[in-house]
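The values are calculated or read from the model by the stated rules, or taken from the named source; none is laboratory data. If you're wondering where the values come from, they're calculated on a predicted model, not measured in any experiment. A quick note on method: Cβ atoms are made from the backbone with ideal geometry, for glycine too, and the neighbour counts reach across all protein chains shown.
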Amino acid sequence: MNNSTTSLPPVRVSRVELRRIAMPLVTPFRTSFGVEADRDILIVHIEAELDGEVVHGWGECVALGEPTYSAEYVDGSQHVMVQHLLPRLAARALAGIDAADVSDVLAPVHGHPMAKGAIEAAVLDAQLRAAGMSFADLLGTATDSDGRPRRIPSGVSVGIHDSVEDLLKTVQGYVDDGYVRIKLKIEPDSDIEHVAAVRDLIGPDVPLQVDANTAYRRTDGRHLARLDDYDLLLIEQPLPEEDIIGHARLADEVDTPICLDESLVSAAGTADAIELGACEIANIKPGRVGGYLEAIRIHDLCLTLDVPVWCGGMVETGIGRAANAALGALPGFTLPGDISASARFYAQDIVTDPITIVDGHVTVPTAPGMGFDIDSDVLESVTTSTLVVELDR
């Protein structure tokens with residue numbers, strides 16, 4: 001697809017519903033920035049029209065409940081949508097809007113990429129549904145070269161555990177489930193011993209990587225170099241997100257490739273990080289960079305520069321998970337992503353056909369729109385509030 005346009009007819013958007021849902025996690029998920037036991041998720045639902053036909057679109061805002069992963073948080077995302085983003089979108093949306101125009105219309109509002117990305121995704125979902133096309137069809141990732149449904153390898157993210165024994169039990173369960181790559185969350189005092197034990201458990205052939213979520217500092221280079229002994233795919237975001245130079249220096253201190261996550265918020269910023277030697281591998285999270293269209297631009301940049309990329313996860317429901325699977329099938333995504341089964345996090349998803357894992361792989365969804373259909377009964381059962389914004393008022 002062309003990165004400047006979706007090549008789809010614009011849709012007229014007159015109504016936006018902001019729906020909050022409460023989704024308990026199967027097990028608490030611990031990272032260096034906190035523990036999640038349940039998710040308070042903001043869903044953007046738009047009602048649009050094309051050629052007299054009403055069509056709906058859905059987007060998921062991946063902001064967390066507190067501003068710990070990033071400056072965004074779910075209450076703030078809803079506030080900025082209502083007070084600043086949707087009012088700016090109204091005139092253009094009523095006249096007819098393409099998802100590719102959303103970022104430009106909302107650009108006067110600084111920051112808030114997760115909120116903006118959710119709106120963009122809802123518009124794109126509506127456009128695709130109106131065209132009877134899937135996101136995978138748009139990207140060209142629905143099938144392999146022989147015409148068979150496209151399948152991509154699935155990795156799983158494992159939270160920090162209090163004991164090595166509990167960690168190994170959890171990892172063994174995911175290995176038994178067939179995941180082809182293991183990612184361990186780490187922090188100081190929960191790193192070297194944990195990684196060594198997991199590598200011993202899974203053996204030398206299963207890909208293993210670690211994610212620090214900014215838990216270390218520039219002075220930790222010698223310590224992190226000890227991870228070189230365990231043949232890791234990468235060390236993800238070891239330093240604070242603004243410390244690009246520190247990551248470049250760390251890349252010279254350790255043999256394991258340095259991957260950036262929180263530091264990458266745009267294609268331009270990604271290009272700078274790569275040029276400085278701070279980003280040897282890129283984790284692309286659509287919500288973090290402002291939407292799927294910017295994520296595609298980052299993918300294309302990295303593909304041109306021969307920098308491997310993989311698709312990260314933000315504990316999405318089936319809305320975001322389906323779209324991530326289609327994105328993660330693009331050719332630059334050469335490493336397994338965090339596109340795990342829905343059941344990894346949720347006992348019951350809000351879509352009718354949740355992502356599942358078969359032989360360690362996910363089949364790219366091809367339902368019209370971003371690749372999912374909403375389970376209305378489940379959605380209603382987990383809804384905690386709704387706020388409707390009429391754009392024509």
If you go through region 278-289 one residue at a time, do you hit one that is over 26 Å from PRO204 (Cβ atoms), at pLDDT 95 or above, in the same structural domain as VAL198 (by TED's automatic domain parsing) and over 13 Å from the mean Cα position of the chain (by Cα)?
-> yes
Give me a count of the residues in region 15-74 that are among the β-branched types (Val, Ile, Thr) and either under 19 Å from LYS116 (Cβ atoms) or not in a strand (DSSP E or B) (or both).
-> 8
Being modelled with pLDDT under 95, of a type outside the set (Lys, Arg) and more than 26 Å from the chain's Cα centre (by Cα) narrows ASP162, ASP144, ASP205 down to just ASP162
Which listed residue is of a type in the set (A, V, I, L, M), in contact with a Cys (Cβ under 9 Å, 6 or more places away or on another chain) and not assigned by TED's automatic domain parsing to the domain that holds LEU85, from ALA347, ALA325 | ALA325
Matching entry among GLU47, GLU72, GLU36 (being in contact (Cβ under 8 Å) with a residue 24 or more places away in the chain, of a type in the set (D, E, K, R), in contact with a Phe, Trp or Tyr (Cβ under 8 Å, 6 or more places away or on another chain) and surrounded by 16 or more Cβ atoms within 10 Å (Cβ to Cβ)) = GLU36
Is there a residue being over 14 Å from ALA212 (Cβ atoms) and crowded, with 24+ Cβ neighbours inside 10 Å anywhere in region 271-283?
-> yes
LEU335 fails exactly one of (1) assigned to a helix (DSSP H, G or I); (2) in contact with a Pro (Cβ under 6 Å, 6 or more places away or on another chain), namely (1)
Region 50-68, subset crowded, with 24+ Cβ neighbours inside 10 Å and under 16 Å from the mean Cα position of the chain (by Cα), residue farthest from LYS185 (Cα to Cα) = TRP58
Kindly indicate whether any position in region 346-356 is at pLDDT 95 or above, under 16 Å from the mean Cα position of the chain (by Cα) and hydrophobic (A, V, I, L, M, F, W, C).
-> yes
Residue count for region 319-365, restricted to those that are in contact with a Lys or Arg (Cβ under 9 Å, 6 or more places away or on another chain), among the β-branched types (Val, Ile, Thr) and farther than 13 Å from PRO153 by Cα | 1
Only one residue in ASP359, ASP306 is more than 16 Å from the chain's Cα centre (by Cα), among the acidic types (Asp, Glu) and more than 23 Å from GLN172 (Cα to Cα), so which one is that?
-> ASP306
May I ask you to list the residues in region 17-71 that are among the charged types (D, E, K, R) and either in the same structural domain as TYR346 (by TED's automatic domain parsing) or more than 22 Å from ALA347 (Cα to Cα) (or both)?
-> GLU17, GLU47, GLU49, ASP51, GLU53, GLU66
SER7 versus (1) more than 24 Å from ALA130 (Cβ to Cβ); (2) in a loop (DSSP other than H, G, I, E, B): which is the lone unmet condition?
-> (1)
Given the residues ASP377, ASP353, ASP392, which is the only one that is closer than 20 Å to ASP137 by Cα and either surrounded by fewer than 18 Cβ atoms within 10 Å (Cβ to Cβ) or in the same structural domain as ALA122 (by TED's automatic domain parsing) (or both)?
-> ASP353
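The rows are residues; the columns are (1) under 28 Å from PHE345 (Cα atoms); (2) surrounded by 22 or more Cβ atoms within 10 Å (Cβ to Cβ); (3) in the same structural domain as THR334 (by TED's automatic domain parsing).
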| site | (1), (2), (3) |
| --- | --- |
| SER163 | yes, no, yes |
| GLN172 | yes, no, yes |
| ILE186 | yes, yes, yes |
| SER190 | yes, no, yes |
| GLU193 | yes, no, yes |
| LEU201 | yes, no, yes |
| TYR216 | yes, yes, yes |
| ASP229 | no, no, yes |
| LEU260 | yes, yes, yes |
Exclusive hit being closer than 26 Å to GLY360 by Cα, touching a residue at least 40 places away in the same chain (Cβ under 8 Å) and among the β-branched types (Val, Ile, Thr), set THR317, THR256 = THR317
